[in-house]
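To start, the structure under review is shown below, and the notes come after it.
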Amino acid sequence: TLHAAVGLHPSLIAEEWLATVETIADEKKQRDSLENTIHQSIAALENLITTAPKDRIIALGEAGLDYFRLDETLATTTLVKDAQRTLFTAQIALAEKYSLPLILHVRDTGSAAYSTVLELLRTHKKSDTPFILHCVSGSVA
């Protein structure tokens, strides 16, 4: 029997989705476009969870924040970080709703991603469903 973990990797924002909004000049419209993409992707992920054969989806992930390759000098970096937080928060909600463990991806050269992940988990993760640290790099200080 095959089991699966499903999720939306945080680097999707910077590596794939951002390219579609960079052609939009207005920052509000960029944010709206990313929010819409995230909403549609979360809906597709939830559909996958609910239509898969019973007990085949056993975890949600990789979910989290990946600031490792972000260029802090680019104007879009804040947009990417905000979108990653939105995506991660939505995946926490799905994991909670379906009692699935979260497989966490937290990657940074410093400690910002870790601090934010801990803050979001404290705020949005209410159950005792476990989480798994899959990818961890950078500093936790």
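The values are calculated or read from the model by the stated rules, or taken from the named source; none is laboratory data. Keep in mind that this is a model prediction, so the values were computed, not measured. Counting neighbours? That spans all protein chains shown, and the Cβs are built from the backbone with ideal geometry, glycine included. We work out accessible area using only protein heavy atoms, side chains counted, and drop any ligands, DNA or RNA first. Shrake-Rupley method; radii C 1.70, N 1.55, O 1.52, S 1.80 Å.
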* For the range 97-114, enumerate the residues that are farther than 18 Å from ALA52 by Cβ and in a helix (DSSP H, G or I). => ALA112, ALA113, TYR114
* Quickly run through the range 114-141 and pick out the residues that are touching a Pro at 6+ places or on another chain (Cβ under 9 Å) and either open to solvent by less than 60 Å² (accessible area, probe 1.4 Å) or within 15 Å of LEU8 (Cβ to Cβ) (or both). => THR129
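Table: residues versus (1) closer than 20 Å to CYS135 by Cβ; (2) at pLDDT 85 or above; (3) assigned to a strand (DSSP E or B); (4) open to solvent by 70 Å² or more (accessible area, probe 1.4 Å).
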{"site": "GLU16", "(1), (2), (3), (4)": "yes, no, no, yes"}
{"site": "ILE49", "(1), (2), (3), (4)": "no, yes, no, no"}
{"site": "GLY64", "(1), (2), (3), (4)": "yes, yes, yes, no"}
{"site": "ARG69", "(1), (2), (3), (4)": "yes, no, no, yes"}
* To do: Considering each residue of the range 91-124, count those that are closer than 21 Å to ALA43 by Cβ and among the basic types (Lys, Arg), and give that number.
  => 1
* Structure fact -> Looking across the range 77-90 at residues that are open to solvent by 30 Å² or more (accessible area, probe 1.4 Å) and hydroxyl-bearing (Ser, Thr, Tyr), the single one that is farthest from ALA43 (Cα to Cα) is THR78
